[in-house]
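The values are calculated or read from the model by the stated rules, or taken from the named source; none is laboratory data. Owing to the predicted nature of the structure, the values given are computational and were not obtained by experimental measurement. For neighbour counting, all protein chains shown are included, and Cβ atoms are generated from backbone atoms with ideal geometry for every residue, glycine included.
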């Protein structure tokens, strides 16, 4: 359960009091605002009472009767309701018997839940567990972003305000701090772009499925080298993703290759993972790339692997930067002066966000059958802005469909089609480009982290459509690589 109102205009709001009517303000946020400590702090005197509440909520969740839920122990009832409205981008209209500041701001144990209009089964369940509750009111339609709070006895209006204005006040401090931490223009763009934000609209153009057990258990599987360097930190997730797709992954370090303990000849796939190679002090994988490019043996080994027709490669984040510096994308043989590369984000800071991307038509073998999908994915990089020293190369890459993945906004538009794009495009790449592939589709580099979202529980937020899927859509990427290996043996 997440705390955002889910069905504006068609749901009801219930408050479950777990403090036996007590409204203690000691140590509360309200007390702090007035420079006070208070005399008596909230406490939980009846653990059996809490246990019954927990069991009731689990039953309601199992039956699909709760849409959203939030505790009231951090700010009190009014703060809880507003947070749920802010996150749900909607208003609400409630009437309560709370008459004092303590009734609205006490941080006692308690819950606010959102349920459908037909909520008799909810209230009957709560009564069956002996839980006191109060029906507060209902959410407002999306077209009416108004907050209305009245006293249930006197009908006195306690608060009548525009939700978006209250939310702007709520976020103002964070916004002012943000302007000191990032490029102020980006902070200003973000403030403007999230004011009317509707949330990502995901779309899956295929049916994700888990990998059959027999494929994972079979003895003979294609082998993939999960390559890491000093500072890499994405190798475990990447190994797991390829294993769950039916590969035999190998943990390979650059030291293994330099010493000759391992070579790339035996592998069908090569994956350069994300992280902070050499702490990113030389900038965006330059130290990693130098280890390869300025070692004659390694340079030849990587070039031979690239040119073999039975191999594929994937570079993610730091690995994406590496493949650009090696000249593997968008095509082999460009001069260093013309080679696209990744530079510092427009925001001038490290961006760690749950972003939205769209998969475009391309020859990328790992994205076969995924064209048109709009998916959530993690990003975590400080230097992810794609830079083309020769702008004609960007045009050529786009025309030849070598741009498989782009950032998009909530409306599904690509950067460059809208005047402001931050934070939807977290690094400022032209047209939101966040991935490049080779003309034959075997070599693919992308800035986001699909390996950190190949399981559904890894998603920071998902729509109902994603929740109902058998598997995370990103698993298909790794399954595609295995199927390609099987077809090209």
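Things worth noting here:
- Considering region 131-161, and only residues there that are over 30 Å from residue 53 (Cβ atoms) and not in a loop (DSSP other than H, G, I, E, B), the residue that is modelled with the lowest pLDDT turns out to be 157.
- Residue in region 45-55 that is in contact with a helix residue (DSSP H, G or I) (Cβ under 8 Å, 6 or more places away or on another chain) and not in a strand (DSSP E or B) present: no
- Residues (outside any loop (DSSP other than H, G, I, E, B) and in contact with a helix residue (DSSP H, G or I) (Cβ under 7 Å, 6 or more places away or on another chain)) located in region 444-455: 444, 445, 446, 450, 451, 452
- Selection status of residue 330, buried (at least 20 other Cβ atoms within 10 Å of the Cβ) and in a loop (DSSP other than H, G, I, E, B): yes
- Flag if residue 161 is over 24 Å from the mean Cα position of the chain (by Cα), surrounded by 13 or more Cβ atoms within 10 Å (Cβ to Cβ), touching a residue at least 40 places away in the same chain (Cβ under 8 Å) and under 24 Å from residue 34 (Cα atoms): no
- The one condition in (1) in contact (Cβ under 8 Å) with a residue 60 or more places away in the chain; (2) within 30 Å of residue 349 (Cα to Cα); (3) in a helix (DSSP H, G or I); (4) touching a helix residue (DSSP H, G or I) at 6+ places or on another chain (Cβ under 6 Å) that residue 242 fails to fulfil: (2)
- Scanning region 315-337 finds no residues that are over 24 Å from residue 478 (Cα atoms), assigned by TED's automatic domain parsing to the domain that holds residue 478 and in contact (Cβ under 8 Å) with a residue 60 or more places away in the chain.
- Taken together, 25, 77, 65 contain a single residue that is farther than 24 Å from residue 5 by Cα and either assigned by TED's automatic domain parsing to the domain that holds residue 461 or in contact with a helix residue (DSSP H, G or I) (Cβ under 6 Å, 6 or more places away or on another chain) (or both), which is 25.
- The set of residues in region 105-128 being surrounded by fewer than 17 Cβ atoms within 10 Å (Cβ to Cβ), in a loop (DSSP other than H, G, I, E, B) and modelled with pLDDT of 95 or more is empty.
- Residues located in region 384-412, provided they are surrounded by 22 or more Cβ atoms within 10 Å (Cβ to Cβ) and in a loop (DSSP other than H, G, I, E, B): 384, 402, 403, 404, 409
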